[in-house]
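A quick write-up on the structure given underneath.
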Amino acid sequence: LAVYRRHISLPRTRAVATPEELRARTSVKLAPSHLVEALLRWTPRRTATEKGALPAPVPVVFHKDYGYPEWDPTHRFVMSKFHGVMTRLDLLPPALRERMRIVSDFGAMEHAVVERVHASSYVKGFCDGTLDAKALRRIGLPWSPQLVRRTLVECEGTRLTASLALLEGLACNTGGGTHHAFPAHGSGFTIFNDLAITAQWLLDEAGLNVKQVVILDLDVHQGDGTAAIFQGQPSVHTVSYHCQSNFPFEKQTSDLDVGLADGLGDKEYLLQVSERLPKLLAQVKPDILLYDAGVDVHQDDVLGKLNLSDQGMFDRDFYVLCVCAALGVPVATVVGGGYDKNHELLAWRHSIVFQAAVAAKAWAHARPTAPLR
């Protein structure tokens, strides 16, 4: 996610796609490239699968309150993208869409759970609408009761996604990725840090038996709030791949930070991820991985500065999910940041991680897991 206007350089401008261009760009059937398949050859394989057997559908967590209509459509933060993702998923070919199971039966997160990470005074101030003007400017979003509701619902959605991932191996949230939020203040369009709250909840709940969490942040902006929250806490391993020259300009220290050069493309990006991820997972041995699949790495993102294509983002997501499946690590995904004046194209980009999840689950279904322990 990114920060409000005075903290950013001039954005890249892109022409708005025509209806014909939009149809062409969102009707592509994405599949793993030869490169990503080659990078996964080290994983174990099963020689035969039960004839006709299919993996269970991927749980997709969505709530109608992730977005609301009382929002300026010209605001840099695209509120419509959350419902837009669901529209895009419903427009996928039936054979792909039926491999997803929508989960919407949940509500707002309790304040006590938020306060496991955030200062109670900050939580109260935001929820009551009593934060001062400076604090609200730092967040960059206009306060309203609807914003409070969506913030708490979104955090609960990420917690639910992680719970489903522990049960089913993989689950995807249509919201989440608010990684710029610190314990006592928000920043860059983020208020409460859903990834940090979820990680802390996972560790606190004794019945889950989660001892180690990895937060893998592949948003174009460093997960500075997440890094600061878990500084010096060995049970949460924070990893951030980000554009080094981009916001936040004052970086925090993650357990692993990989600062990427402006203009990095598909192949170079995937090689950077593949160089470290399998070794990291084998060393850390997480009980779950929380994955921020931000799409502001895209070549057309107005705040991104990197140069990934749709195919490059699909390969990125597919690779991460397949490596985790191969090593027996459950994964909960969140959508992270993404910015474009064409809200339909932005929603399409956010739909890519869900398409990759279905593909990765099918890939894993034909291969045994290799337990880390």
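Here are the numbers:
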{"read-out": "Förster radius 56 Å - calculated FRET efficiency between D128 and L54, Cβ distance, rounded to 0.05", "value": "0.70"}
{"read-out": "Mean-position separation - Cα centroids, region 183-248 and region 290-325, in angstrom", "value": "18 Å"}
{"read-out": "I102 long-range amide H proximity, modeled H, under 5 Å", "value": "V60"}
{"read-out": "Mean residue ellipticity (222 nm) of the chain, computed from DSSP H runs ≥ 4 via -39,500 (n - 2.57), nearest 500", "value": "-12000 deg cm²/dmol"}
{"read-out": "Pair E250, A366: separation of 7 Å Cα→Cβ label points (nm)", "value": "5.1 nm"}
{"read-out": "Size of electric dipole in the chain: Cβ of Lys, Arg +1 and of Asp, Glu -1, about Cα centre, debye, nearest 20", "value": "540 debye"}
{"read-out": "Percent accessible area from carbon and sulfur atoms, the chain, protein chains only, probe 1.4 Å", "value": "55 percent"}
{"read-out": "Proximal lysines to K124, defined as alpha-carbon separation beneath 19 angstrom and excluding residues fewer than eight positions away on the same chain", "value": "K134"}
{"read-out": "Restricting region 101-195 to GluC sites (Glu not before Pro) in coil, as DSSP defines it, with at most 11 other Cβ within 10 Å", "value": "E110"}
{"read-out": "Coordinate range along principal axes, alpha carbons of the chain, Å, largest first", "value": "62, 53, 40"}
{"read-out": "Candidates L208, L303, L89: whichever shows maximal mean-square fluctuation once the chain is modelled as a Gaussian network with Cα springs under 10 Å", "value": "L208"}
{"read-out": "Surface accessible to a 1.4 Å probe, per residue, for the residues of region 259-326, Å²", "value": "28 Å²"}
{"read-out": "Rounded to whole Hz, the Karplus (6.51, -1.76, 1.60) HN-Hα couplings of region 269-274, x for glycine and proline", "value": "5, 4, 5, 4, 5, 5"}
{"read-out": "Selected from A108, A332, A17 as most flexible by GNM, with the chain as the system and alpha-carbon contacts under 10 Å", "value": "A17"}
{"read-out": "Environment charge at F106 (Cβ cut-off 15 Å; Lys +1, Arg +1, Asp -1, Glu -1)", "value": "-1"}
{"read-out": "Amide H within-cut-off set for L260, under 5 Å, with H built and near neighbours excluded", "value": "H242, C243, Q244"}
{"read-out": "Other-chain or far-sequence residues with amide H under 5 Å of T333's (modelled H)", "value": "A171, C172, N173, Y291"}
{"read-out": "GNM flexibility winner over the chain from K267, K134, K81 (Cα, springs under 10 Å)", "value": "K134"}
{"read-out": "HN-Hα J in Hz across region 182-192 - Karplus 6.51, -1.76, 1.60, θ = phi - 60°, x for Gly and Pro", "value": "9, x, 10, 7, x, 6, x, 6, 10, 10, 10"}
{"read-out": "Along the chain, longest interval not containing exposed chymotrypsin sites (Phe, Trp or Tyr not before Pro), exposed being DSSP loop plus at most 12 other Cβ atoms within 10 Å", "value": "43-248"}
{"read-out": "Of P286, F192, A326, farthest towards positive along the dipole that unit charges on Lys, Arg, Asp, Glu beta carbons give the chain", "value": "A326"}
{"read-out": "Those lysines that a straight Cα-Cα span of less than 21 Å connects to K305, excepting residues fewer than 8 apart in one chain", "value": "K81, K251, K267, K341"}
{"read-out": "Karplus (6.51, -1.76, 1.60) ³J(HN,Hα), θ = phi - 60°, over region 154-163, in Hz, Gly and Pro reported as x", "value": "4, 4, 5, x, 5, 4, 5, 4, 5, 4"}
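The values are calculated or read from the model by the stated rules, or taken from the named source; none is laboratory data. Computed from a predicted structure; not experimentally measured. FYI the Cβ positions are ideal-geometry reconstructions off the backbone, even for glycines, and counts take in every protein chain you see. Protein only, heavy atoms only, side chains kept; ligands, DNA and RNA dropped before computing areas. Shrake-Rupley method; radii C 1.70, N 1.55, O 1.52, S 1.80 Å.
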